[in-house]
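Below is one structure, written out as structure tokens; comments come after it.
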Amino acid sequence: MTLPSCSRWRRRPGSLLYLLYFVGFLICVCIIAIWYGVNSDRDYIHPLLTQLIPAGHCACQTSTTFQCSSCLTCSEQSLAPQPSPTPKWEFTSDRDANNQGLSRVQCKAAFPGLYEDIVRAETFWRSQGALVTEDLDRVPVEFGMVRAFISRGELSVVAARARQEDHRRKIVAALSSIHRALVADSDRASRRDIEFIFSVEDKVEDVTNAGHPVWVLARSAEEQGVWLMPDFGFWAWDSPLNSLGPFDQVVERVKRADIPWAEKTPQLVWRGKPSFAPKLRRALMDAARDKPWGDVKQVDWLERTNIMSMEDHCRYMFIAHVEGRSYSASLKYRQACNSVIVAHKLQYIQHHHYLLVPDGPHQNYIEVERDFSDLSRKIEPLLNDPATGQRIANNSVRTFRERYLTKAAEACYWRQLFDRYGNVWNSSVPIWSDVSQRERGLRYESFILMDSQTMFDFRATDSIT
Ligand SMILES: *[C@@H]1O[C@H](CO)[C@@H](O)[C@H](O)[C@H]1NC(C)=O
Ligand SMILES: *[C@@H]1O[C@H](CO)[C@@H](O)[C@H](O)[C@H]1NC(C)=O
């Protein structure tokens, strides 16, 4: 009895080695499996694997907890005392949606709740003292960032850096939006001068940190120093791979293709690449798999399978929205359809997210958990109650397509951003550089005429850090 065990003891060094090999092998298999889970764009991967996928950039358990589903009805403005009882001007979408030149009073009356994040950032910087030139000098201008100023209502570029063509186009689009908001303003010349830095990168942490007063496309709830700006897609999203056009043109296209509610397919549609945010996107795919109401598929751009135009999304009653590695700019396109948007609790805030209402009479989308565990529970009742679904879709169109995502609203937002940032900006904005003996910035009008190559790493003078 003892002998065999003795002989086993004698084999011990060998067994240990085998054990090590085995553990090493297991680790390798695990690493390959997780790599595969994260990077695969296949329709199905084993649930065990989806459990293993790390949450990565999206900490899936947390979500944005900014409180503002009441913005539509109870915004910062309606709390303020109402001044002069001037005859009340009202926003009428048919007449005003494309008017980029609404006055301050009209902007305020037309879009209650739109300026929440600007007010938040202004309050934050006021509590920190104020903003001065030195605050900007401390911010390195990385790829995807621009330093610019507005002086007497004219826009000038101090420095701009683009890593590639995609960056460059986004930068030109953002500058053009700013310029458009300025030229439409009849009080342009009397604007307060400001200098600022913006980024066209998806995430704050990609290029800077949230302690800097940079204008960005999206922020998480903890990123308090940054200011939200509307995304460049309102001007146009024409990347080398994907040419969508100006946002209002997409909306017109969608409107032309939209069909009556009763004719829409009673299903939830989603097309996308799971590998952009595997944990989130796979959770949606798994929650909708084999459900009669699910039409959720992965897109393969190389093989061109499952690609669906924006207009075709509108043929469905329900459209799912999922964040990618940061915010997803596609929300506003989905909101152009007269359909019900189904989104998980969002982690990244964009300038118009404050207007999303998840319940009550103004409900304009359906909110589910980040693991989509309550997706069936929220969708299924609506399949038997089309009127409720139609009401939510109607609210979404009225709120977003016809009001807060119009050109008028975009221009109002930009000017409110200039104004409120100007309220805490406490430095002069010289147009002349004594060091370089030339203008400190290049006017927007000249900047867009430069050849592309020059825009990639641009400095108006040598004296900029
Ligand atoms: C703005 O700058 C002036 C002069 O440097 C200073 O006296 C004033 O206190 C500053 N205001 C704020 C709000 O920091
Ligand atoms: C939604 O809007 C359409 C078109 O304006 C209207 O006919 C319909 O009655 C509305 N439905 C609900 C439930 O609000």
Using the 10 angstrom Cβ neighbour count as an exposure proxy, how do 374, 451, 96 rank, fewest first?
-> 451, 374, 96
Using alpha-carbon positions, the gyration tensor of the stretch 312-465 gives root eigenvalues a ≥ b ≥ c; with a/c under 1.5 called rounded, otherwise prolate if a/b exceeds b/c, else oblate, the class is prolate
Where q = 0.13, 0.26 Å⁻¹, what log10 of I(q)/I(0) comes from the Debye formula for the stretch 225-295, counting one point per Cα?
-> -0.68, -1.03
Let a ≥ b ≥ c be the square roots of the eigenvalues of the Cα gyration tensor of the stretch 186-239; is it rounded (a/c under 1.5), or, if not, prolate (a/b larger than b/c) or oblate?
-> oblate
Give a quick list of trypsin sites (Lys or Arg not before Pro) in the stretch 349-438 that DSSP marks as loop, anything other than H, G, I, E or B, with at most 12 other Cβ atoms within 10 Å.
-> none
Which stretch or stretches of the stretch 338-369 have amide N atoms under 18 Å from the point lying 7 Å from residue 376's Cα along the Cα→Cβ direction?
-> 368-369
Expressed as a whole-number percentage, the relative contact order of the stretch 306-465 with C-alpha contacts under 8 angstrom and at least six residues apart is 16 percent
So what's the Cα pair-distance distribution over the stretch 391-465, bin width 10 Å, in %?
-> 15, 24, 30, 18, 11, 3, 0
Quick one: compute the contact order of the stretch 120-223, relative version, from alpha carbon pairs under 8 angstrom and 6+ residues apart, as a percent.
-> 29 percent
About its Cα centre, how strong a charge dipole does the stretch 92-209 have in debye, to the nearest 20, once Lys and Arg get +1 and Asp and Glu get -1 at the Cβ?
-> 320 debye
For the stretch 227-380, what does the alpha-carbon gyration tensor say about shape, rounded, prolate or oblate, given a ≥ b ≥ c as the root eigenvalues, a/c under 1.5 as rounded, and a/b over b/c as prolate?
-> rounded
Of 88/255; 88/378; 279/332; 108/203; 108/264, pairs whose Cα-Cα distance is over 32 Å = 88/378; 108/264
In nanometres, what is the gap between the two model label sites at residue 388 and residue 190, each 7 Å from Cα along Cα-to-Cβ?
-> 5.2 nm
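Where a number appears in this text, it was derived from the coordinates with a stated rule and is not lab data. Keep in mind it's a predicted model, so treat the numbers as computed, not measured. Note that we place each Cβ from the backbone using ideal geometry, even for glycine, and neighbour counts take in every protein chain shown.
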